[in-house]
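Asker: First the structure, which I've put down as C-alpha cells, then a few questions once you've had a look.
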Amino acid sequence: MDDESLSTILKAASDPTRRAILTLLAQQGPLRVTDIHSRFDMSLNSVSKHIKALERAGLVKRRTEWREHLIEVDMGPLSLIDAWFAELRSIWELRLEALDGILSKEDPEDDRPEPDRRTRHRRRA
C-alpha cells in the first residue's frame, strides 16, 4: 500500500466541503465547476481550490467537452482506503480471537458447585 497516496486521499477527504463535493458528484454525475459552485455558499475561487485538492488526491477528474470543463468523481483511489480498513479489521479480528480464547479457557473455580443458598441463610427457630 502506498502510504503517501493514502495520506493524500485521507487529507483531501477530511474536509467537509470536499466530502460534500464528492457526494454531489457521486449522486449527480459530472458537473461544471460553476454548477458545483452554485450549491455552496463560498466564492468560485474557494470551490476551485477544493476541486484542485480533490484532483491532486485523484478523487476527481476534469475533462473538457467543447468549452466546458466537467468534474467527475473517480472512485478508484478509494480502494486504498478499503485496503487500509481491511488491514485494521484483520488486526482487530486477531486480537478479538485471542481475547475470546483467553476468556473461553475454563477457570478452575468455575467447576465448583454453586453453594446452596437455601441452607446458607436459614434462621434458627
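Each reported figure results from applying straightforward, stated rules to the coordinates on display, with no laboratory input. These numbers were taken from a predicted model, which means no experiment stands behind them. Please note: Cβ atoms are built from the backbone with ideal geometry, for glycine as well, and neighbour counts cover all protein chains shown.
Asker: Among the lysines, which have Cα under 24 Å from the Cα of Lys52 when same-chain residues fewer than 8 positions away are ignored?
Answerer: Reachable lysines: Lys11, Lys61.
Asker: Next question. When a/c is below 1.5 the answer is rounded, else prolate if a/b is larger than b/c, else oblate, so apply that to segment 1-104 with a ≥ b ≥ c taken from the square roots of the Cα gyration tensor eigenvalues.
Answerer: Judged from the Cα gyration tensor, segment 1-104 comes out prolate (a/c at least 1.5, a/b above b/c).
Asker: Okay, next question. Using 0.36 nm per residue of separation minus the Cα-Cα distance, give me the extension gain between Lys49 and Leu103 in nm, one decimal.
Answerer: So the extension gain works out to 14.2 nm.
Asker: What is the dipole size for segment 1-104, taken about its Cα centre, with +1 at each Lys and Arg Cβ and -1 at each Asp and Glu Cβ, in debye to the nearest 20?
Answerer: Here segment 1-104 has a charge dipole of around 620 debye.
Asker: Can you tell me the FRET efficiency between Thr64 and Phe85 if r is taken as the Cβ-Cβ distance and R0 is 41 Å, rounded to the nearest 0.05?
Answerer: The computed FRET efficiency comes out at 0.75.
Asker: Considering only the other residues whose Cβ falls under 15 Å of the Cβ of Met42, what net charge follows from Lys and Arg at +1 and Asp and Glu at -1?
Answerer: Charge balance in the 15 Å sphere: +2.
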